[in-house]
């Protein structure tokens, strides 16, 4: 009986920790989820981002200035600059921030590396190109699809391979 109770308690505890949030759920929120941390985020294209995943910082989106990413050094906020481009960050925390009026957004906080902590509104940073996401951008997906079409026309791939590639990439093209 004690073993069964221990298994139930451990199972419920692990289940409550491993939480997934999707972009569609965030869009429907009318109240935030304060202090709740998630272990996985799924964007509208089905791309999954989990704690421990590595993302790469790209260039700033507004006159090469970063709008959706910030960093701290020893708890002090410092501006992002060109030296941050190409830096790999590891997702440490996934949480929801915002309010009813401005909307809710998924936010990430990186694991501390070289005394830096990066924080970001993940989907906005990916959409603006400040972070290179795990999926494709619309332009990248379209380029990849055009390359596949060229390969099909040259007889390098089959129609089935092209159709498979087209299905995979179509969700990213806007």
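Computed quantities for the displayed model
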| read-out | value |
| --- | --- |
| Checklist (1) closer than 18 Å to residue 42 by Cα; (2) in contact with a helix residue (DSSP H, G or I) (Cβ under 9 Å, 6 or more places away or on another chain) applied to residue 138, failing item | (2) |
| Enumeration of residues in region 94-109 that are over 12 Å from the mean Cα position of the chain (by Cα) and within 21 Å of residue 78 (Cα to Cα) | 97 |
| Test: residue in region 80-87 that is over 20 Å from residue 21 (Cβ atoms), touching a residue at least 40 places away in the same chain (Cβ under 8 Å) and out of contact with any helix residue (DSSP H, G or I) (no Cβ under 7 Å at 6 or more places or on another chain) | no |
| Identity of the residue in region 34-67, in a strand (DSSP E or B) and exposed (fewer than 12 other Cβ atoms within 10 Å of the Cβ), that ends up modelled with the lowest pLDDT | 62 |
| Residue within region 17-25 that is closer than 20 Å to residue 134 by Cβ, within 19 Å of the chain's Cα centre (by Cα), in a loop (DSSP other than H, G, I, E, B) and modelled with pLDDT of 80 or more present | yes |
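The values are calculated or read from the model by the stated rules, or taken from the named source; none is laboratory data. Being a predicted model, the structure only gives us computed values, none of them experimental. Positions of Cβ are backbone-derived with ideal geometry, glycine not excepted, and every protein chain shown enters the neighbour counts.
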